[in-house]
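Student: A single structure is presented below for examination.
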Amino acid sequence: MKSILVIGNGMVGYKFCEKFVAKKTSENFKITVFGEEPRPAYDRVHLSEFFENGDAKALEMAPRSWYEENNIELITNERVTDIHRASKTITTINEKTFSYDYLVLATGSSAFVPSIKGVEKEGVFVYRTIEDLEGMMAYADQLKKTNPEAKAAVLGGGLLGLEAAKAVMDMGLEPHVVEFASKLMPRQLDTRGSSVLKNKLESMGIHIHLSKATNKILGENAITGMEFGEYDKINVDMLVVSAGIRPRDELGKTCGLEMGTRGGIVVNKKMQTSDPEIFAIGEVALYNNMIYGLVAPGYEMADVAVDQILGTSETLMTEDIDMSTKLKLIGVDVASFGEPFMPVEKGYSIIFENKTKDLYKRINVSHDGKKLLGGILIGDASDYNMFHQIYLNGLPIPEDAEELILGARGEGGSSFGSAMDIPDAAQVCSCESVTKGAICSSITEGGCNSLADVISKTKVTTGCGGCKPMVVDLVNETLKSLGKEVKETICEHFAYTRQELFGIIKVKQLKTFDEAIDTCGKGDGCEICKPLVASIFASLYNDTANKEEVIQDSNDKFLANIQRNGTYSVVPRIPGGEITPDKLIVIGQVGKKYNLYTKITGGQRIDLFGAQLNDLPAIWKELIDAGFESGHAYGKSLRTVKSCVGSSWCRYGMDDSVGFAIELENRYKGLRSPHKFKGGVSACIRECAEARGKDFGIIAVEGGWNLYVGGNGGATPRHAQLLAEQIDNETVIKYLDRFFMYYIRTAAPLMRTSTWLDKLEGGIEQLKKIVIDDSLNIVKELETEMQSLVDAYQCEWKQAIENDDMVSRFQHFVNSEATDDNIVFVPMREQKQPAAWN
Amino acid sequence: MDTILNKYSTVKESDVKVWFKTAEVNKFAKNGGVCVKYKDLQIAVFNFERRNKWYACQNLSPEKKENVLSRGMIGDDKGIPKVACPLHKKTFSLETGENLNGDLAPIATYPVKIEGNFVYIGFSE
Ligand SMILES: Cc1cc2nc3c(=O)[nH]c(=O)nc-3n(C[C@H](O)[C@H](O)[C@H](O)COP(=O)(O)OP(=O)(O)OC[C@H]3O[C@@H](n4cnc5c(N)ncnc54)[C@H](O)[C@@H]3O)c2cc1C
Ligand code: SF4
Ligand code: FES
């Protein structure tokens with residue numbers, strides 16, 4: 001039995017193991033892998049997803065048990081410190097020694113941190129590992145506590161830098177990108193492309209600083225700013241350095257392997273280093289005098305090394321390595337493929353630019369006009385996969401090459417056919433080396449029936465994920481050609497979209513979950529479809545959440561929001577934010593009696609936190625007796641209509657904003673919708689109610705109200721767009737009824753109006769046609785539906801406390817009057833908060 | 001805090017020493033859950049009417065150590081009956097306690113029987 005030691009358990013080191021054990025002849029080898037990081041290899045490419053869901057397990061390339069099952073010894077948290085080539089052994093930080101027949105170096109690279117004065121300060125991070133990201137998240141949280149307007153800079157405006165900028169923006173910090181070069185993504189974009197991208201990013205709220213050489217990081221212990229020149233500074237509270245990568249080649253250096261002048265361990269086409277028994281793969285390997293900072297070449301290197309060690313084939317590394325890339329995540333399409341900059345001797349470029357739409361497309365074509373050599377796409381990269389395929393496989397292009405980016409004149413549309421037109425041998429997924437033929441035949445012959453099946457069978461899309469759009473097209477087209485249906489369905493229980501199910505339930509007048517699942521679904525339902533069906537019932541019949549409480553989201557079931565420690569909040573409705581002193585006193589008394597934490601919210605009302613489940617009915621009884629109603633803060637439904645003080649008090653007021661806000665809040669209260677729904681009314685353009693940050697906003701102007709729709713606050717703030725101008729109260733209500741009802745009917749689950757409006761073909765102009773011009777001939781129907789919902793309103797808390805059966809739902813124990821003794825509060829600023837999670 | 005997790009361990013029907021009488025059948029919401037107190041344990045009990053089955057498991061969410069699972073929604077994952085934690089929607093098999101959409105440790109499950117219109121849960125001590 002021969003021994004292989006793999007140093008480095010990153011993406012490429014893992015891929016080596018995976019490919020190795022998949023070969024039949026691998027049984028005569030024993031693999032031992034050393035990883036310096038505490039966890040098994042994970043998908044670094046999708047590191048930013050960890051920030052979204054905090055789920056490190058989901059990023060794992062394979063669980064620990066996989067290594068065991070495949071007889072691979074995985075030793076994590078153990079850095080290899082020395083290679084002794086003479087004795088063919090290595091030693092680790094814990095002074096353990098292992099001997100090898102073959103050694104594979106897959107130590108990857110680390111973030112390059114330039115030696116700027118002050119980079120060691122607190123608040124300066126790199127973006128490479130899960131631990132880096134955890135550190136950033138904790139620091140950002142801390143910052144926001146003392147300063148909600150905290151700023152973060154990213155040093156480096158390359159591919160990774162922009163991804164990091166998006167991450168800090170999502171963490172709630174004001175993002176700044178500082179780039180030394182005079183353009184963004186200098187390796188992939190030309191100057192014009194960069195300036196289009198810059199415009200677009202700035203409109204999204206990312207500040208871009210080009211041609212800036214940072215000479216100092218300012219601050220005492222923690223960073224407070226960056227200095228570029230004597231008078232040129234910016235204030236920032238956090239910095240992420242993303243200035244390139246440096247190969248982790250220290251082991252190669254100390255054991256005397258041949259190194260590149262600027263680092264990296266030199267390898268030949270067999271991935272051998274200068275010592276034929278030592279291989280280097282991934283971001284530590286210097287091949288063709290280059291370090292390739294991408295997974296696809298790394299995976300190919302792993303493949304080559306496996307075959308070379310097993311001696312089963314003459315696999316060699318490709319000469320030309322494809323460096324095409326597409327930026328993920330940032331919310332704007334950016335892609336560059338092949339040769340993005342075109343030297344004149346090779347060909348000519350065709351460029352299309354539309355500044356008003358932040359669009360830029362450039363393709364580079366050979367002199368004879370027959371070959372696509374490369375290009376850049378900004379603003380719309382939907383053709384990227386197709387162009388990339390044309391480029392990689394040298395497919396023919398239209399005689400008039402400009403049709404590729406402008407579309408064929410006259411007919412419009414794209415001038416090449418579908419993904420199905422590329423040859424079977426074309427490599428669609430370069431990370432996993434999967435051809436179009438392999439993808440299609442996994443369906444036609446391999447028994448796959450869905451995208452998920454194809455992915456688990458062929459591993460496509462599991463590397464960089466860049467091939468996903470094309471794989472989706474291929475899978476859908478192939479399924480279609482076999483007469484199989486493809487669509488985004490709700491979950492395993494309902495093979496419909498929300499809109500379709502809405503239609504079916506309405507037509508068949510289904511009234512209970514069992515009826516719905518027995519008529520048009522299968523199984524017993526789940527936490528996805530049950531609340532969705534409940535929301536459809538509510539939208540159709542204005543059923544309160546009490547009717548079938550077991551299919552309601554837990555918050556709807558208990559008519560209250562569950563908080564960190566399993567207690568609940570109580571939020572009475574205060575329409576338009578107007579409240580009498582007497583009612584304020586009642587809220588105060590209830591808060592005191594039940595020892596609740598109280599806070600005034602952004603929606604102009606008062607939240608009471610920390611109520612135990614079994615106290616909820618009594619609390620609500622007192623509130624209802626004093627004339628309050630449920631605020632539906634727990635539901636996907638209308639929250640509040642915020643108002644400014646308006647003409648009754650304000651000297652600028654042009655109309656009674658409070659009165660109108662109250663009227664609207666009372667009209668739409670209790671209505672369930674695909675997501676929460678907020679409104680605002682301001683009595684003049686000073687906009688004190690911040691109405692344009694809401695799903696609907698109304699602003700008084702000369703001659704009536706301006707009505708805006710589709711705005712929101714939150715992680716990606718959006719201003720609402722103008723739907724109608726200078727209309728009277730009655731018309732506002734008419735248009736709102738139609739808009740709201742149309743949204744309820746057609747939006748996907750958990751889709752706010754802003755995203756819905758983005759996705760609506762034709763956008764706001766189309767919405768105007770539907771709502772105002774009645775282009776679909778449905779407004780009468782929408783109005784009637786809305787009116788019957790408004791008429792069916794009931795306060796569900798009143799309903800609940802008046803019914804003994806319902807009250808018993810709030811008992812913590814079915815067999816005891818006791819309450820949950822595990823709930824612990826700690827004091828905070830004269831009130832209380834839940835004890836921290838641990 | 002881990003000690004409170006350690007209080008719960010799965011009881012097989014064959015190991016039951018005590019059948020604890022909880023409450024009348026009609027106190028248990030159909031296709032929903034309620035919480036039962038036994039000594040210092042909190043047990044979530046589900047009346048899975050669609051399947052004509054009863055299930056019991058610890059009420060404590062292994063993720064955040066809050067007593068909330070009885071307030072979660074039940075359903076099935078490819079036929080396996082499950083409950084979804086109301087805090088972050090982690091789902092657990094009601095048969096084996098296994099975490100179906102993650103790598104959390106399994107939760108403890110307990111046998112349930114119905115006798116004379118009463119619901120009983122089985123414990124080993
Ligand atoms: C945020 C981010 C986004 C990215 N996006 C993309 C993308 O969209 N497309 C793309 O193609 N690429 C992308 N990349 C690059 C891609 O992640 C890398 O190319 C890939 O991870 C390289 O794999 P590797 O195994 O060579 O190195 P790594 O994944 O860095 O693995 C090396 C491992 O070896 C360990 N190690 C080092 N020295 C030792 C030692 N002496 N002993 C033990 N262990 C050691 C390290 O701790 C590390 O875990 C991205 C990278 C980041 C950070
Ligand atoms: S929006 Fe205009 S009317 Fe309303 S409070 Fe502000 S200034 Fe006054
Ligand atoms: S091309 Fe990278 S995952 Fe398919």
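Student: Keeping all protein chains in position, work out how much accessible area B:Ser61 exposes to a 1.4 Å probe, and write it in Å² to the nearest 10.
Tutor: Near enough 0 Å² of accessible area.
Student: While we're on this one: For A:Tyr568, A:Tyr735, what's the largest-to-smallest order of accessible area, 1.4 Å probe?
Tutor: A:Tyr735, A:Tyr568
Student: Viscosity 0.890 mPa s, temperature 25 °C: give me the Stokes-Einstein translational D for chain A in µm²/s, with Rh taken as the Kirkwood radius over C-alpha pairs.
Tutor: Roughly 80 µm²/s, to the nearest whole number.
Student: While we're on this one: In whole Hz, with x marking every Gly and Pro, tabulate ³J(HN,Hα) for the stretch B:40-45 from phi via Karplus 6.51 cos²θ - 1.76 cosθ + 1.60, θ = phi - 60°.
Tutor: 9, 9, 10, 10, 8, 10
Student: Per residue of the stretch A:51-56, in order, report the coupling 6.51 cos²θ - 1.76 cosθ + 1.60 (Karplus, θ = phi - 60°) as ³J(HN,Hα) in whole Hz, putting x for Gly and Pro.
Tutor: 5, 6, 10, x, 9, 5
Student: Moving to a separate point now. Just the number, please: carbon plus sulfur as a percent of the accessible area of the protein assembly as shown, 1.4 Å probe, no ligands or DNA/RNA counted.
Tutor: Result for the protein assembly as shown: 48 percent of the exposed heavy-atom area is carbon or sulfur.
Student: State, to one decimal in nm², a quarter of the convex hull surface area for the C-alpha atoms of the stretch A:261-321, i.e. the direction-averaged projected area.
Tutor: If you wrap the Cα atoms of the stretch A:261-321 in a convex hull and average its projections, you get 3.8 nm².
Student: From other protein chains only, count the Cβ atoms within 10 Å of every residue's Cβ in B:69-78, then give the mean.
Tutor: Mean partner shielding for this stretch: 6.
Student: What do you get for the angle between helix A:529-541 and the principal long axis of chain A? Use alpha-carbon atoms, 0 to 90 degrees, nearest ten.
Tutor: Tilt relative to chain A: about 30 degrees.
Student: Could you derive backbone 3J(HN,Hα) for the stretch A:243-249 from the dihedral phi with the Karplus parameters 6.51, -1.76 and 1.60 (θ = phi - 60°), listing whole Hz in sequence and x where the residue is Gly or Pro?
Tutor: Using θ = phi - 60°, the values come out as 10, x, 10, 10, x, 7, 9 Hz.
Student: For A:Thr598, list long-range residues whose amide hydrogen, built 1.01 Å from N in the peptide plane, is under 5 Å from its own amide hydrogen.
Tutor: A:Phe609
Student: Could I ask something else about it? Take peptide B:20-29, look around each residue's Cβ out to 10 angstrom, count Cβ atoms belonging to other protein chains, and average those counts.
Tutor: 3
Student: Also: Heavy-atom accessible area of B:Arg50 with all protein chains present, probe 1.4 Å, nearest 10 Å²?
Tutor: For B:Arg50, solvent-accessible area is about 70 Å².
Student: For Cα pairs less than 8 Å apart in space and 6+ apart in sequence, what is the mean separation divided by the residue count of the stretch A:124-243, i.e. the relative contact order in percent?
Tutor: Across the stretch A:124-243, relative contact order equals 31 percent.
Student: Assuming 1.002 mPa s and 20 °C, estimate D for the stretch A:184-330 with Stokes-Einstein, Rh taken as the Kirkwood radius over Cα pairs, in µm²/s.
Tutor: My calculation gives 115 µm²/s for D.
Student: With just the Cα atoms defining each centre, how far is the stretch B:3-59 from the stretch A:641-660? Give it in Å.
Tutor: Centre-to-centre distance over Cα atoms comes out at 55 Å.
Student: Next question. What is the Cα coordinate range of the stretch A:124-243 on the first, second and third principal axes, sorted by size from largest, in whole angstrom?
Tutor: 40, 33, 25
Student: On a full-extension model of 0.36 nm per residue, what is the gain between A:Thr356 and A:His84, subtracting their alpha-carbon distance, rounded to one decimal in nm?
Tutor: Residue separation times 0.36 nm, minus the Cα-Cα distance, leaves 91.7 nm.
Student: Quick one: if you stick a label point 7 Å off each Cα along the C-beta vector at A:Thr489 and A:Lys457, how many nm between them?
Tutor: For A:Thr489 paired with A:Lys457, the spin-label model returns 1.8 nm.
Student: Convex hull over the Cα atoms of the stretch A:56-113, averaged projected area in nm²?
Tutor: Approximately 6.0 nm², given one-decimal rounding.
Student: Interface B/A, total buried accessible area with a 1.4 Å probe, nearest 100 Å²?
Tutor: 3300 Å²
Student: While we're looking at this one, here's another question. Using a 10 Å cut-off on Cβ to Cβ distances, tally the other chain neighbours for every residue of A:516-528 and report the average as a whole number.
Tutor: Taking the mean over all residues of the peptide, I get 4.
Student: Cα convex hull of the stretch A:637-802: mean projected area in nm², to one decimal?
Tutor: 10.3 nm²
Student: Something else about it: If R0 is 25 Å, what FRET efficiency do you get for A:Lys24 and A:Glu277 from their C-beta distance, rounded to 0.05?
Tutor: 0.65
Student: Given a 1.4 Å probe and heavy atoms of the protein chains only, how would you sort A:Arg128, A:Arg64, largest accessible area at the top?
Tutor: Result of the area sort, largest leading: A:Arg64, A:Arg128.
Student: Okay, moving on. Under the definition of Cα pairs under 8 Å and six or more residues apart, what whole-number percent is the relative contact order of chain A?
Tutor: Relative contact order of chain A: 7 percent.
Student: How many nm is it between the label spots at A:Thr261 and A:Leu750, if each spot is 7 Å from the Cα in line with the beta carbon?
Tutor: So the label points at A:Thr261 and A:Leu750 sit 5.4 nm apart.
Student: Still on this structure, please answer the following. I'd like the accessible area for A:Met226: 1.4 Å probe, protein heavy atoms, all chains in place, Å² to the nearest 10.
Tutor: Surface open to solvent at A:Met226 totals about 0 Å².
Student: Suppose a student asked you for the relative contact order of the stretch A:32-178, using Cα pairs under 8 Å spaced at least 6 residues apart; what percent would you report?
Tutor: After rounding, I find 18 percent.
Student: State the three equivalent ellipsoid semi-axes of the stretch B:2-123, derived from the C-alpha gyration tensor as the square roots of 5 times its eigenvalues, in descending order and whole Å.
Tutor: Over the Cα atoms of the stretch B:2-123, the ellipsoid semi-axes are 20, 17, 13 Å.
Student: A:Lys2 to A:Ser182: extension gain in nm, 0.36 nm per residue of separation minus the Cα-Cα distance?
Tutor: 59.5 nm
Student: On average, how much accessible surface per residue is there in the protein assembly as shown, in Å², for a 1.4 Å probe, leaving out ligands, DNA and RNA?
Tutor: That works out to 44 Å² per residue.
Student: Sticking with this structure for a sec: How much length, in nm to one decimal, is gained on full extension between A:Ile93 and A:Arg564, taken as 0.36 nm per residue of separation minus their Cα-Cα distance?
Tutor: 165.4 nm
Student: With a point put 7 Å past each Cα toward its Cβ, work out how far A:Gln589 is from A:Ala715 in nm, to one decimal.
Tutor: Those two pseudo-labels are separated by 4.3 nm.
Student: While we're on this one: Based on the Cβ-Cβ distance of A:Asn235 and A:Ser110, what FRET efficiency does E = 1/(1 + (r/R0)^6) give at R0 = 35 Å, to the nearest 0.05?
Tutor: 0.80
The values are calculated or read from the model by the stated rules, or taken from the named source; none is laboratory data. What you see is a predicted model; the values in this text were computed from it and never measured. A quick note on method: Cβ atoms are made from the backbone with ideal geometry, for glycine too, and the neighbour counts reach across all protein chains shown. For accessibility, only protein heavy atoms count, side chains too; no ligands or nucleic acids. Shrake-Rupley method; radii C 1.70, N 1.55, O 1.52, S 1.80 Å.
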